[in-house]
Structure formats: structure tokens, C-alpha cells
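Scroll down for the structure; my scribbles are underneath it.
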């Protein structure tokens, strides 16, 4: 089954004096916070992407979002719809960097360091050339 390009879930923003804005996704049992509305929104969108990516990768059931009108809130809370564009999240996961340990003769390591050669870039270039990509 094709994975959706976008997920949209309600989040409850809670406002307390002299505290960060708490953000809870009731359908996902996930929470974050932000210093102001914009920061809370960005944090919520990032969290939603991470949670949904994790559910997809683990092949877990994706819960249906509660309709906005059915999410209860207190007087110091606001319900906001948060969306995340998943192709970007999935691509970021594929393109993440990984660490590899390599072994070099000491003289070769010293000569490369002396010339400020970026080991990671040389290895990437060499692997791309060898793989023809």
C-alpha cells in the first residue's frame, strides 16, 4: 500500500504563564514544547514527522486523527491542526550520514592530514566513482 504524502493531526497547545507552550498530540501519545507560537508549531511539525516516520518504518498501525471539533480543551488551551509532508521526512532519513571506521597506514594518514584532505569527502568520491553513481 502506498504511504500517504501528508499526515494531519490535531495538537493541543497549552499556555501557562512564564512557561513554554506545551504541545500534545492526543492521538499519538507524543508531546513537545516551544518558547513561542512559532517555535511550538515548528517543534510540533518536526515531532509529528518523526513519530509518523517511526510508525511507518516499524510497520505499526497508523491511528486515525480525531476530528478537530471532537478534541476537548481547557480555557488555556487551543487545538491546532498540524501537518507534515512525509516525502521530505523520508528523503532526509535516506540521506542521513553514517559513521564508518577506516584503517590507513600511518604515513598515508599523516600525509593527508598535512595537506588538509577531507577523508569523508575523498571516501565518498571514491565510492561514487567505484559504484558508477
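Taking the criterion of being within 30 Å of residue 4 (Cα to Cα), at pLDDT 90 or above and out of contact with any helix residue (DSSP H, G or I) (no Cβ under 6 Å at 6 or more places or on another chain), would at least one residue in the stretch 87-103 satisfy it? The answer is yes; a qualifying residue exists. Here the stretch 80-89 is the region considered, the condition is being touching a residue at least 60 places away in the same chain (Cβ under 8 Å) and part of a helix (DSSP H, G or I), and the residue that is farthest from residue 9 (Cα to Cα) is 87. Output the residue which, of all residues in the stretch 47-61 that are under 21 Å from residue 92 (Cα atoms), touching a helix residue (DSSP H, G or I) at 6+ places or on another chain (Cβ under 9 Å) and exposed (fewer than 14 other Cβ atoms within 10 Å of the Cβ), is modelled with the lowest pLDDT. Ranking the candidates gives 57 first.
With respect to the conditions (1) over 27 Å from the mean Cα position of the chain (by Cα); (2) assigned to a loop (DSSP other than H, G, I, E, B); (3) at negative phi, residue 97 lacks only one, and its number is (1).
For residue 41, the criteria (1) assigned to a helix (DSSP H, G or I); (2) free of Cβ contacts under 8 Å to residues at least 24 places away in the same chain; (3) farther than 30 Å from residue 127 by Cβ; (4) out of contact with any strand residue (DSSP E or B) (no Cβ under 6 Å at 6 or more places or on another chain) hold in every case but one, which is (2).
Pairs linking a residue in the stretch 46-73 that is in contact (Cβ under 8 Å) with a residue 60 or more places away in the chain and on the phi < 0 side of the Ramachandran plot to a residue that is outside any loop (DSSP other than H, G, I, E, B) and surrounded by fewer than 17 Cβ atoms within 10 Å (Cβ to Cβ), with Cβ atoms under 6 Å and 6 or more positions apart or on different chains, are 71/79; 73/79.
Quick one: is residue 123 free of Cβ contacts under 8 Å to residues at least 24 places away in the same chain and under 30 Å from residue 8 (Cα atoms)? Judged against the criteria, residue 123 is not a match. Applying the criterion of being touching a helix residue (DSSP H, G or I) at 6+ places or on another chain (Cβ under 8 Å) and loosely packed, with under 15 Cβ neighbours inside 10 Å to the residues of the stretch 1-41, the residue that is nearest to residue 80 (Cα to Cα) is 6. I'd like the full set of residues that are under 30 Å from residue 57 (Cα atoms) and assigned to a loop (DSSP other than H, G, I, E, B), limited to the stretch 100-125. Scanning the stretch 100-125 gives 100, 101, 102.
The values are calculated or read from the model by the stated rules, or taken from the named source; none is laboratory data. As the structure is a computational prediction, the values presented were derived from the model and not from experiment. Note: ideal-geometry Cβ built from the backbone for every residue, glycine included; neighbour counts use all protein chains shown.
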